Amino acid sequence: MGTGAMSWNIRFGRLIARAFAGGAGFTFGYCLLSPNDNIINSSGPVRFGRAAFSVASIVVDYKFSIYFKQIPTDLCEVEKLWSDVHHRSACKLLQLCTRNKGVFVKVGQHIGAMDYLLPPEYTQTLRILHNQAPSSSLSDVNKVIKQDLNCDKDELFAEFGDTPIGAASLAQVYKARLKNGEVVAVKVQHLTVRAHSYVDIKTMEVLVKIAAWIFPDFKLLWLAEEMKKNLPQELDFIQEGHNAEKMSEIMKTYKWLKV
(Lines give C-alpha, C1' and ligand atoms only; values in the text may rest on other atoms or scores of the structure.)
Protein backbone atom coordinates (compact mmCIF):
# COMPACT_ATOMS: atom_id res chain seq x y z
CA MET A 1 0.00 0.00 0.00
CA GLY A 2 1.41 3.40 -0.98
CA THR A 3 2.00 6.36 1.34
CA GLY A 4 -0.98 8.26 -0.10
CA ALA A 5 -3.31 5.33 0.39
CA MET A 6 -1.95 4.79 3.90
CA SER A 7 -2.56 8.45 4.75
CA TRP A 8 -6.12 8.31 3.42
CA ASN A 9 -6.66 5.06 5.33
CA ILE A 10 -5.66 6.72 8.60
CA ARG A 11 -7.74 9.87 7.96
CA PHE A 12 -10.77 7.80 7.01
CA GLY A 13 -10.39 5.62 10.10
CA ARG A 14 -10.13 8.66 12.38
CA LEU A 15 -13.20 10.25 10.75
CA ILE A 16 -15.29 7.13 11.24
CA ALA A 17 -14.03 6.69 14.81
CA ARG A 18 -15.05 10.25 15.70
CA ALA A 19 -18.45 9.82 14.08
CA PHE A 20 -19.03 6.57 15.94
CA ALA A 21 -17.88 8.05 19.25
CA GLY A 22 -20.09 11.12 18.87
CA GLY A 23 -23.10 9.11 17.78
CA ALA A 24 -22.65 6.53 20.50
CA GLY A 25 -22.22 9.20 23.17
CA PHE A 26 -25.30 11.10 22.08
CA THR A 27 -27.45 7.99 21.83
CA PHE A 28 -26.26 6.63 25.18
CA GLY A 29 -26.94 9.94 26.90
CA TYR A 30 -30.36 10.22 25.33
CA CYS A 31 -31.24 6.69 26.43
CA LEU A 32 -30.21 7.44 30.01
CA LEU A 33 -32.41 10.54 30.11
CA SER A 34 -35.48 8.91 28.57
CA PRO A 35 -37.72 6.90 30.92
CA ASN A 36 -39.57 5.05 28.16
CA ASP A 37 -38.09 2.48 25.75
CA ASN A 38 -40.82 3.22 23.20
CA ILE A 39 -39.90 6.91 23.28
CA ILE A 40 -36.26 5.99 22.77
CA ASN A 41 -36.92 3.68 19.83
CA SER A 42 -39.29 6.05 18.07
CA SER A 43 -37.47 9.34 18.66
CA GLY A 44 -36.06 11.20 15.67
CA PRO A 45 -32.48 11.52 16.99
CA VAL A 46 -32.20 7.83 17.84
CA ARG A 47 -33.72 6.78 14.49
CA PHE A 48 -31.26 9.04 12.68
CA GLY A 49 -28.37 7.79 14.83
CA ARG A 50 -29.32 4.17 14.17
CA ALA A 51 -29.45 4.81 10.41
CA ALA A 52 -26.16 6.73 10.40
CA PHE A 53 -24.43 4.04 12.45
CA SER A 54 -25.68 1.28 10.13
CA VAL A 55 -24.58 3.10 6.97
CA ALA A 56 -21.20 4.00 8.50
CA SER A 57 -20.70 0.38 9.51
CA ILE A 58 -21.44 -0.77 5.96
CA VAL A 59 -19.09 1.83 4.48
CA VAL A 60 -16.28 0.79 6.83
CA ASP A 61 -16.83 -2.88 5.96
CA TYR A 62 -16.54 -2.22 2.22
CA LYS A 63 -13.57 0.10 2.61
CA PHE A 64 -11.49 -2.18 4.81
CA SER A 65 -12.64 -5.52 3.40
CA ILE A 66 -12.39 -4.56 -0.27
CA TYR A 67 -10.91 -1.18 -1.16
CA PHE A 68 -8.09 -1.01 1.41
CA LYS A 69 -7.17 -4.66 1.02
CA GLN A 70 -5.10 -6.50 -1.52
CA ILE A 71 -7.59 -8.32 -3.72
CA PRO A 72 -6.90 -12.05 -4.25
CA THR A 73 -5.85 -13.12 -7.73
CA ASP A 74 -8.16 -16.14 -7.73
CA LEU A 75 -11.55 -15.22 -9.24
CA CYS A 76 -13.50 -17.54 -6.90
CA GLU A 77 -11.88 -15.92 -3.86
CA VAL A 78 -12.72 -12.46 -5.21
CA GLU A 79 -16.36 -13.41 -5.75
CA LYS A 80 -16.59 -14.88 -2.24
CA LEU A 81 -15.01 -11.75 -0.77
CA TRP A 82 -17.59 -9.51 -2.44
CA SER A 83 -20.44 -11.87 -1.61
CA ASP A 84 -19.53 -11.98 2.07
CA VAL A 85 -19.43 -8.19 2.35
CA HIS A 86 -22.70 -7.84 0.41
CA HIS A 87 -24.40 -10.33 2.73
CA ARG A 88 -23.14 -8.69 5.94
CA SER A 89 -24.26 -5.29 4.65
CA ALA A 90 -27.67 -6.58 3.59
CA CYS A 91 -28.21 -8.08 7.06
CA LYS A 92 -27.35 -4.72 8.64
CA LEU A 93 -29.86 -2.99 6.37
CA LEU A 94 -32.53 -5.55 7.23
CA GLN A 95 -31.96 -4.98 10.93
CA LEU A 96 -32.16 -1.22 10.42
CA CYS A 97 -35.42 -1.51 8.47
CA THR A 98 -37.10 -3.74 11.05
CA ARG A 99 -36.06 -1.51 13.95
CA ASN A 100 -36.85 1.87 12.39
CA LYS A 101 -39.94 0.50 10.57
CA GLY A 102 -42.20 2.72 8.46
CA VAL A 103 -40.42 4.40 5.58
CA PHE A 104 -37.32 2.27 6.13
CA VAL A 105 -39.35 -0.91 5.57
CA LYS A 106 -40.75 0.68 2.40
CA VAL A 107 -37.24 1.29 1.08
CA GLY A 108 -36.16 -2.19 2.13
CA GLN A 109 -39.04 -3.65 0.13
CA HIS A 110 -37.95 -1.66 -2.92
CA ILE A 111 -34.39 -2.95 -2.55
CA GLY A 112 -35.68 -6.50 -2.20
CA ALA A 113 -37.35 -6.20 -5.61
CA MET A 114 -34.31 -4.85 -7.48
CA ASP A 115 -33.00 -8.14 -8.88
CA TYR A 116 -32.19 -6.32 -12.12
CA LEU A 117 -29.86 -3.86 -10.39
CA LEU A 118 -28.49 -5.13 -7.06
CA PRO A 119 -26.48 -8.20 -6.01
CA PRO A 120 -28.60 -11.21 -4.97
CA GLU A 121 -27.28 -10.99 -1.42
CA TYR A 122 -29.26 -7.74 -1.02
CA THR A 123 -32.44 -8.74 -2.81
CA GLN A 124 -32.70 -12.18 -1.22
CA THR A 125 -32.05 -10.84 2.28
CA LEU A 126 -34.43 -7.89 2.13
CA ARG A 127 -37.16 -9.75 0.26
CA ILE A 128 -38.35 -11.05 3.63
CA LEU A 129 -39.91 -7.61 4.17
CA HIS A 130 -42.40 -8.30 1.38
CA ASN A 131 -44.39 -10.69 3.53
CA GLN A 132 -42.99 -10.27 7.03
CA ALA A 133 -43.17 -6.53 7.62
CA PRO A 134 -43.29 -5.47 11.30
CA SER A 135 -46.81 -4.94 12.64
CA SER A 136 -48.22 -2.45 15.15
CA SER A 137 -49.91 -3.40 18.40
CA LEU A 138 -53.69 -3.26 18.79
CA SER A 139 -53.29 -0.43 21.30
CA ASP A 140 -51.46 1.63 18.66
CA VAL A 141 -54.26 0.86 16.20
CA ASN A 142 -56.81 2.12 18.73
CA LYS A 143 -54.82 5.35 19.12
CA VAL A 144 -54.75 5.95 15.35
CA ILE A 145 -58.52 5.41 15.04
CA LYS A 146 -59.11 7.72 17.99
CA GLN A 147 -56.85 10.43 16.54
CA ASP A 148 -58.29 10.28 13.02
CA LEU A 149 -62.00 9.68 13.74
CA ASN A 150 -62.41 11.07 17.28
CA CYS A 151 -64.04 7.88 18.51
CA ASP A 152 -63.09 4.41 19.72
CA LYS A 153 -63.21 1.47 17.33
CA ASP A 154 -65.92 -0.13 19.47
CA GLU A 155 -68.21 2.78 18.54
CA LEU A 156 -67.72 2.03 14.84
CA PHE A 157 -67.48 -1.74 14.66
CA ALA A 158 -69.47 -4.61 16.13
CA GLU A 159 -66.37 -6.81 15.75
CA PHE A 160 -62.73 -5.98 15.15
CA GLY A 161 -59.96 -8.57 14.73
CA ASP A 162 -57.29 -8.89 17.41
CA THR A 163 -54.52 -9.51 14.90
CA PRO A 164 -53.96 -8.04 11.42
CA ILE A 165 -54.62 -10.20 8.38
CA GLY A 166 -51.83 -8.35 6.62
CA ALA A 167 -49.08 -5.88 7.54
CA ALA A 168 -47.08 -3.62 5.24
CA SER A 169 -44.56 -0.82 5.59
CA LEU A 170 -47.01 2.03 6.14
CA ALA A 171 -50.16 0.32 7.40
CA GLN A 172 -51.86 -2.95 8.27
CA VAL A 173 -55.27 -4.45 7.56
CA TYR A 174 -57.85 -5.92 9.94
CA LYS A 175 -61.02 -7.87 9.33
CA ALA A 176 -63.98 -6.18 11.01
CA ARG A 177 -67.77 -6.11 11.04
CA LEU A 178 -69.82 -2.90 10.94
CA LYS A 179 -72.81 -2.30 13.18
CA ASN A 180 -75.11 -3.19 10.26
CA GLY A 181 -73.46 -6.58 9.92
CA GLU A 182 -71.36 -5.85 6.83
CA VAL A 183 -67.90 -7.45 6.87
CA VAL A 184 -65.15 -5.02 5.89
CA ALA A 185 -61.38 -4.74 5.63
CA VAL A 186 -59.99 -1.86 7.72
CA LYS A 187 -56.63 -0.40 6.74
CA VAL A 188 -54.95 1.45 9.62
CA GLN A 189 -51.79 3.49 9.25
CA HIS A 190 -48.96 2.73 11.65
CA LEU A 191 -49.01 5.15 14.57
CA THR A 192 -45.69 6.98 14.02
CA VAL A 193 -45.27 6.69 10.24
CA ARG A 194 -46.65 10.11 9.36
CA ALA A 195 -44.82 11.89 12.18
CA HIS A 196 -41.48 10.35 11.21
CA SER A 197 -41.88 10.40 7.43
CA TYR A 198 -40.28 13.81 6.77
CA VAL A 199 -37.25 13.18 8.99
CA ASP A 200 -36.84 9.63 7.68
CA ILE A 201 -36.83 10.78 4.07
CA LYS A 202 -34.31 13.53 4.84
CA THR A 203 -32.16 11.02 6.72
CA MET A 204 -32.14 8.67 3.73
CA GLU A 205 -31.42 11.50 1.33
CA VAL A 206 -28.39 12.62 3.34
CA LEU A 207 -27.02 9.11 3.87
CA VAL A 208 -27.51 8.09 0.24
CA LYS A 209 -25.66 11.21 -0.90
CA ILE A 210 -22.80 10.48 1.51
CA ALA A 211 -22.62 6.90 0.23
CA ALA A 212 -22.56 8.21 -3.36
CA TRP A 213 -19.73 10.59 -2.45
CA ILE A 214 -17.66 7.80 -0.91
CA PHE A 215 -18.56 5.29 -3.64
CA PRO A 216 -18.91 7.18 -6.97
CA ASP A 217 -20.42 4.10 -8.62
CA PHE A 218 -23.31 4.10 -6.14
CA LYS A 219 -26.41 4.63 -8.30
CA LEU A 220 -29.37 4.76 -5.88
CA LEU A 221 -29.81 8.52 -5.51
CA TRP A 222 -32.98 8.22 -7.57
CA LEU A 223 -34.54 5.96 -4.92
CA ALA A 224 -34.46 8.70 -2.28
CA GLU A 225 -35.91 11.16 -4.78
CA GLU A 226 -38.74 8.79 -5.69
CA MET A 227 -39.59 8.19 -2.03
CA LYS A 228 -39.60 11.92 -1.33
CA LYS A 229 -42.04 12.49 -4.19
CA ASN A 230 -44.37 9.52 -3.70
CA LEU A 231 -44.51 9.04 0.07
CA PRO A 232 -46.88 11.94 0.85
CA GLN A 233 -49.35 10.50 -1.66
CA GLU A 234 -49.09 7.02 -0.17
CA LEU A 235 -49.76 8.42 3.31
CA ASP A 236 -52.92 10.20 2.12
CA PHE A 237 -55.58 7.57 2.82
CA ILE A 238 -58.37 9.91 1.77
CA GLN A 239 -56.88 10.02 -1.71
CA GLU A 240 -56.45 6.25 -1.57
CA GLY A 241 -60.15 5.95 -0.73
CA HIS A 242 -61.04 8.06 -3.77
CA ASN A 243 -58.82 5.85 -5.92
CA ALA A 244 -60.58 2.76 -4.58
CA GLU A 245 -63.95 4.28 -5.49
CA LYS A 246 -62.70 4.94 -9.02
CA MET A 247 -61.46 1.38 -9.35
CA SER A 248 -64.78 0.09 -8.02
CA GLU A 249 -66.60 2.02 -10.74
CA ILE A 250 -64.21 0.80 -13.45
CA MET A 251 -64.49 -2.83 -12.32
CA LYS A 252 -68.20 -2.89 -11.52
CA THR A 253 -69.01 -5.19 -14.45
CA TYR A 254 -66.87 -7.95 -12.92
CA LYS A 255 -69.33 -9.43 -10.44
CA TRP A 256 -66.73 -11.80 -8.99
CA LEU A 257 -64.42 -8.91 -8.03
CA LYS A 258 -65.04 -6.90 -4.84
CA VAL A 259 -63.39 -3.46 -4.71
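Summary table
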| item | result |
| --- | --- |
| Overall dimensions of segment 113-259 as given by Cα atoms, namely Rg and Dmax in Å | 18.9, 60 |
| Where Cys97, Cys91 fall by accessible area, highest first, once all protein chains stay in place (1.4 Å) | Cys91, Cys97 |
| Over 30 Å (Cα to Cα) - which of Lys202/Lys252; Lys209/Lys246; Lys63/Lys202 fall in this group | Lys202/Lys252; Lys209/Lys246 |
| Fully extended contour minus Cα-Cα distance, from Asn142 to Val183, at 0.36 nm per residue | 12.9 nm |
| DSSP-loop chymotrypsin sites (Phe, Trp or Tyr not before Pro) across segment 164-258, with at most 14 other Cβ within 10 angstrom | Phe218, Tyr254, Trp256 |
| Contour excess over end-to-end distance, with Cα ends at Lys175 and Lys219 and 0.36 nm allotted per residue | 11.8 nm |
| Cα-based shape type of segment 45-132, given that a ≥ b ≥ c are square roots of the gyration tensor eigenvalues and the cut on a/c is 1.5 | oblate |
| Nearest-0.05 FRET efficiency for Val199 and Tyr67, computed from C-beta distance (R0 30 Å) | 0.45 |
| Potential lengthening between His130 and Glu159 on full extension [0.36 nm per residue; Cα-Cα distance subtracted] | 7.6 nm |
| Area of Glu226 that stays accessible when all protein chains are in place (1.4 Å probe, Å², to 10) | 70 |
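The values are calculated or read from the model by the stated rules, or taken from the named source; none is laboratory data. Being a predicted model, the structure only gives us computed values, none of them experimental. With ideal geometry, Cβ positions are generated from the backbone for all residues, glycine too; neighbour counts draw on all protein chains shown. To get the accessible areas, we keep the full protein, side chains included, count just its heavy atoms, and leave off ligands, DNA and RNA. Shrake-Rupley method; radii C 1.70, N 1.55, O 1.52, S 1.80 Å.
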